[in-house]
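*Asks:* Here it is, the structure in full.
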Amino acid sequence: MGILLNKNNLKVATISALLVTGLSACGTTQLNMIEVQKTTAKTIGLASSDELSITNIKYGQRNALGGTPVNYDATTTKGRRFGCTVFMIPGLTPLDKPAYNDWECHPR
């Protein structure tokens, strides 16, 4: 009976470890469009993110740690167009939000 109990404990521990490892590798990689729009508006000097539309989103090649460069077009309500890039780092767990670095926008 003692050996059977230990085998069950080992199975439960192994399954738990696999689930935790699997979930931790699945950080979210979807852009938070509200964050992107707000920060892009600040980057190009707009007073409000309502004056901006984001289009043509393209995800680049993911690196070994899961970080992804993202390119997109930003257009103001007055018709000014910008090509923008940001480096997105996924959250550590599926519940964590991604982090963003190296915002850049250049006129087109």
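What follows is calculated from the coordinates using simple rules that are stated; it is not laboratory data. Treat the numbers as computed from the prediction; the structure is a model and nothing was measured. Virtual Cβ from ideal backbone geometry, glycine too; neighbours counted across all protein chains shown.
*Asks:* Under 14 Å Cα to Cα from residue 97, which aspartates and glutamates show up? Leave out anything in the same chain fewer than 8 places away.
*Replies:* Filter leaves 35.
*Asks:* OK, next. Would you report the distance distribution of C-alpha pairs in region 28-107 as whole percents per 5 angstrom bin, up to the bin with the largest distance?
*Replies:* With a bin width of 5 Å, the distribution comes to 3, 15, 28, 24, 15, 9, 4, 1.
*Asks:* What does the net charge come to around residue 90 if you take all other residues with beta carbon closer than 15 Å to its beta carbon, with K and R at +1 and D and E at -1?
*Replies:* So the surrounding residues net to 0.
*Asks:* Moving on to the next point. Just add up the charged neighbours of residue 70: K/R +1, D/E -1, any other residue whose Cβ is under 15 Å from the Cβ of residue 70.
*Replies:* So the surrounding residues net to -1.
*Asks:* Excluding residue 56 itself, calculate the net charge of residues whose Cβ lies under 13 Å from the Cβ of residue 56, where each Lys or Arg counts +1 and each Asp or Glu counts -1.
*Replies:* Numbers: positive: 58, 81, 108; negative: 73.
Neighbourhood net charge equals +2.
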